[in-house]
Amino acid sequence: MTSEAANAPAPEPTDPLLSVRGLEVHFPIRSGIVFERQVGAVRAVDGVDLDIPRGATVGLVGESGCGKSTLGRAILRLVEPTGGRVSFDGVDLRPLEGEELRRMRRQMQMVFQDPMASLDPRQNVQSVLTEPLRAHGIGGDHKARVRELLGLVGLPASAASRYPHEFSGGQRQRIGIARAIALEPQLIVADEPVSALDVSIQAQVVNLLEELQDRLGLTYLVIAHDLAVVRHIADVVAVMYLGTLVEQAPSDDLYARPLHPYTRALMSAVPIPDPVVEDTRERILLSGDLPSPANPPSGCRFHTRCPFRQPTRCDDERPVLRTVAGHPQAHRVACHWAEDIEAGRIQPVASAVVEPDAPAA
Amino acid sequence: MSLSEIEAATESEQVEQAAGNLRREAWRRLRRDPVAIVGFCLIAFFVLVALLAPLLAPYAPDAQPGRGMITPTNIPGPSAQHWFGLDASGRDELSRVIHGARQSLLVGVVSMLLGMIGGLTLGVLAGAFGGTVDSVVMRIVDVMLSIPGLLMAIAIAALLGASLTSVMIAIAIVNVPVFARLLRGQMLAQRGSDYVLAARSLGVRRRSIVFGHILPNSISPVIVQATLTLATAIIEAAALSFLGLGSADPRVPEWGRMLADTQRYLASAPHLALFPGLAIVVAALGFTMLGERLREAIDPKYRR
Amino acid sequence: MSVSISEARGPLLDVRDLSVAFTRKGSPDVRAVDGVTFTVSPGETVGLVGESGSGKSVTSLAVMGLLPPRGVRVGGQVLFDSDDLLTLPRDRMRDIRGRDIAMVFQDPMSSLNPVVPIGVQVAEVLERHQDLKGEPARRGAEDLLARVGIPDPRRRLKEYPHQLSGGMRQRALIAMALACKPRLLIADEPTTALDVTIQAQIIELLKELVQDTGASLVMITHDLGIVAGLCDTVHVMYSGRVVESAGRRELFAEPHHPYTGGLLASVPRLDAPRGAPLHPIPGSPTDVLQWSDGCAFAPRCPNRIEPCTGGPPPLESIGGRSLRCLNPLTESEEVPA
């Protein structure tokens, strides 16, 4: 993670590797006995703009059902977007079909959450790692290439003849990563790459991803629900709620000065393995659950759960990502009241705030 | 606090790889399952008898060694000379039952294979392409499934004329939708799995994904179904020839027709119904026992 | 291993040398839990922390008497009110399980009956354990649902489990656990399946309940962050044994066992400065040594010395905390704050 984008006041917006504009994925809801007709749509992704600079790591964080995985898959055209534009290295991906799209896939790879499910149980590692080479007609010494890939992800060459079930979870994820880098892609979308792993293993995989980025010059989109992991690995973090981005900022800036009420609540909910910190921090608790993406709230999507909700604008005017005075250009938030909340002029409702515990017994 | 939950908790705490190699695990479970072993032995016995029929049978199936002992009122039952007794034409019942195994096995295996090939073809089409192809194939399958199997087999066999071939074709056609639906369901489930998504994201061609990943991972339940189908095919073949739709040649012993032929003598010579009937039941039972246990061994969902 | 509070008041739950082995014909026994000892005082919150395979869940199932009777060998003692739960007849155990000890599982869906409305399920517990009938039981159920923070409880009473969200289901399950006014609540990864904002709600709820009812709580989790904010005493388990026990502040301020230290150094912290490197524990939790041959953690341990692989390290108590390690972390090696 040596990217210069992290600390620069404004990351270079020129020529991002991946550029997403107004991306929408609406899944139709059909109904009917004989003739099915569309009666509505699940707005899994509903108008997302995102740039991923070359060589950078962008983290996408949100809770289950917010559409973050769908966004990742729509970028890779593994689900079909229903609107918007995705361009990769200047090439518009949306109109690509068939063979053109298949060739394009060489540049963009994916790492999955569940390493066991993402490997065919009947394929040995040799076959897993040579499949992409065969699919793209890449010749050469496949055996040597497999050895090299295994070495890159820290597995012994003897792993080649073994099957997925013979490995531990962490090792399986290494195989999944080796498969993703086999075609020397430019972009890797990692969808919850560590959340299925044991705690003591997660750091191994995080470190491996960082190491490979340095060595191979990869660009990452890391999708995760764990804000701590994302903050660790990403230069820029985008926070997603119910199909839209609510805040986007350089990692340190987001942590130091979160602007969106949802980001603040999310941060205060992440447990920190330190009793001293835990006992002294104030928590913002959200009420209720995520609304249905088939019927999202009007105005600001978050207004139904927002502890800072105001009587005007919140429920009838949809906020767009914008910059806020006093914050870097790269820090953008979709909240009408960001300035007032930051200045303390708007306070959260009392029931949402949990004061720190009295000094523990 | 269901039992399954407790099992899940305890199992996950156990060594992780216990759930590892499904196939080896299935084989291990099967080897220690008495029902599966009995089923396997019955099948092995049945197959051996069919293969070695000319060696095992004391007489040729159409020989009439007891011709002189038969009168309309007296058909001799089991004796030291003829273990299963004689039939109405004075033929040795044991020899006929033994030779009948060949017919049953032949009809069972051929019609199962034909049915499976047809079903797999339709299933692969529906499962691999989805969309309109899937809808069309599945509507046809639904229509076929809505007609009772035996009834359809009778209709087809009657249409094709009484012969062994038409029995096999009729039973095969009846089994096509069963295999098609099973395979299609399995393939749809596999199609949504992560490793198929992974293969797509790698840019693997659709044909390779279907034949390299989806199909091999969908085939286990089809093998189970094939074993079970053998059992029903044997019974259906017997039923068709019982109704006179089987081979026209009366010299070829066939369990179903042997049963049909004995109707008139049921009161005076019950052994003529007993032995072929028993043979049908035992052969079908063997395949059913093995098939059911195979299903349980392969798919933990069915485990009790 | 007992902590000072428990000595003063006498423990509510006293687990002594608990061991659980899974037996299977033709293969060697798997020792899932191996000589685990800990106490829970009235009102205390105790954390059992470990990764998969550490034996933490099996420990809780053994305490609850919920292990399947066949293929399992349980040894040691589980004293609750000076009754040994392991030798209690099944029907008395069932009484205690409903009345005095309740359990909340990771997956609330499989713990609820899918075809019975939530309200009926909660009311049933009230009928069984508090002798309430009809309308009072229904009203009791409504109160309980309100108590665990389910909005509009009167309407929710009539809903089926699948109509509730994951967080609401877990709340309903906690309501059922509370219906019998237990003195001990065992929560096995109750928030693992939930989102982090919902997790925060549930943890806050559990905290409140412990404070209000004076019940004890055993929290089983893999998440050190949850333990840090919730538990009074923490037992870190590895491969079926407790390797370190301490009060939570002592444990996090000064982890002695290399495994505890390793865990703390390997999880990214939200409040750590960016670029702070992670120090993973090498290997995987399946790379273990049999405890009879030495320390199970030895194959992954950076502090391993010769005697570590020469026999099982004893559990030693020093100053209110205990440790199973021959070469503990010294101050300089401890995790950076």
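Which whole number in µm²/s is D for the protein assembly as shown by Stokes-Einstein, with the Kirkwood Rh taken over Cα pairs at 37 °C and 0.692 mPa s?
Here the translational diffusion coefficient equals 101 µm²/s.
Between helix B:93-129 and chain B, what is the angle of the helix's C-alpha long axis to the longest principal axis, kept within 0 to 90° and rounded to the nearest 10?
Computed tilt is about 20 degrees.
Give the Rg (one decimal place) followed by the Dmax (whole number) of region C:138-291, computed from C-alpha coordinates and expressed in Å.
Considering region C:138-291 through its Cα atoms, Rg and Dmax are 18.5, 55 Å.
Could you list the square roots of 5 times each eigenvalue of the Cα gyration tensor of chain B, that is, the equivalent ellipsoid semi-axes, sorted largest first and rounded to whole Å? Provide the component values of the computation, followed by the final result.
Details: eigenvalues 389, 120, 43 Å².
In descending order the semi-axes read 44, 25, 15 Å.
With axes computed from alpha carbons, what is the tilt in degrees of helix B:22-31 against the longest principal axis of chain B, rounded to the nearest 10 within 0 to 90?
Its long axis makes an angle of about 30 degrees.
Just how far, in whole angstrom, is region B:75-98 from region C:50-65 if you go by their alpha carbon centroids?
Spelled out, the Cα-based centre of one part sits 66 Å from the other.
Straight-line reach from residue C:158: which aspartates and glutamates fall under 18 Å, measuring Cα to Cα and dropping same-chain residues less than 8 apart?
C:124, C:127, C:135, C:142, C:143
Residue A:57's amide H: which non-local residues (gap 5+, or another chain) put their own amide H closer than 5 Å, with H modeled 1.01 Å from N in plane and none for Pro or chain starts?
A:220, A:235, A:236
Going by alpha carbons, how many degrees (0 to 90, nearest 10) lie between the helix axis of A:125-135 and the longest principal axis of chain A?
90 degrees
Per residue and in cubic angstrom, what volume does the convex hull of the Cα atoms of region B:241-284 have? Numbers along the way, then the final one.
Details: hull volume 3.2 nm³, N = 44.
Cα convex hull per residue, to the nearest whole number: 72 Å³.
For the protein assembly as shown, what is the accessible area per residue in Å², given a 1.4 Å probe and the full set of protein chains? Working shown, then result.
Numbers: 42400 Å² over 1002 residues.
In whole numbers, the protein assembly as shown has 42 Å² accessible per residue.
So how far, in whole Å, is the C-alpha centre of region B:209-287 from the one of region A:224-297?
66 Å
With θ taken as phi - 60° and the coefficients 6.51, -1.76 and 1.60, list the Karplus ³J(HN,Hα) couplings across region C:150-161 in order, rounded to whole Hz; mark glycine and proline as x.
Rounded to whole hertz, the list is 8, x, 6, x, 4, 6, 5, 3, 8, 8, 8, x.
For region C:117-134 and region B:157-206, write down the distance between their C-alpha centroids in whole Å.
Distance between centres, Cα-based: 50 Å.
Packing-wise, with mean Cβ within 10 Å as the measure, how do C:93-103, C:295-305 rank, highest first?
Numbers: C:93-103: 18.5, C:295-305: 20.6.
Top to bottom by mean Cβ count within 10 Å: C:295-305, C:93-103.
Rounded, prolate or oblate: which fits region C:278-332, taking a ≥ b ≥ c as square roots of the Cα gyration tensor eigenvalues, rounded meaning a/c under 1.5, else prolate when a/b beats b/c? All intermediate terms of the calculation are to be shown ahead of the outcome.
Values: a/c = 1.84, a/b = 1.16, b/c = 1.59.
It comes out oblate by the Cα gyration axes.
Would you kindly derive the ³J(HN,Hα) couplings of region B:80-85 from the backbone phi angles with the Karplus curve 6.51 cos²θ - 1.76 cosθ + 1.60 (θ = phi - 60°), listing them in order in whole Hz, with x for Gly and Pro?
5, 6, 10, 4, 9, x
Output wanted: per-residue J couplings in Hz (rounded whole) for region A:215-230, from phi through Karplus 6.51 cos²θ - 1.76 cosθ + 1.60, θ = phi - 60°, x for Gly and Pro.
6, 10, x, 7, 10, 10, 10, 9, 9, 7, 8, 8, 4, 5, 5, 5
Using the scaling law 2.2 N^0.38 Å as the reference, what is the normalised Cα Rg of region A:257-361?
Working: Rg = 15.2 Å, N = 105, 2.2 N^0.38 = 12.9 Å.
Output field value: 1.17.
Among the lysines, which fall within straight-line cross-link reach of residue C:56, defined as a Cα-Cα distance under 18 Å, with same-chain neighbours fewer than 8 residues apart omitted?
none
Take chain C, connect every pair of alpha-carbon atoms lying under 10 Å apart with a spring to form a Gaussian network, then pick out the residue of C:48, C:205, C:173 with the largest mean-square fluctuation.
In the Gaussian network model the winner is C:205.
The values are calculated or read from the model by the stated rules, or taken from the named source; none is laboratory data. None of these values were measured; they are calculated from a predicted model. Please note: Cβ atoms are built from the backbone with ideal geometry, for glycine as well, and neighbour counts cover all protein chains shown. These area figures cover heavy atoms from the full protein model, side chains too; ligands, DNA and RNA do not enter into them. Shrake-Rupley method; radii C 1.70, N 1.55, O 1.52, S 1.80 Å.
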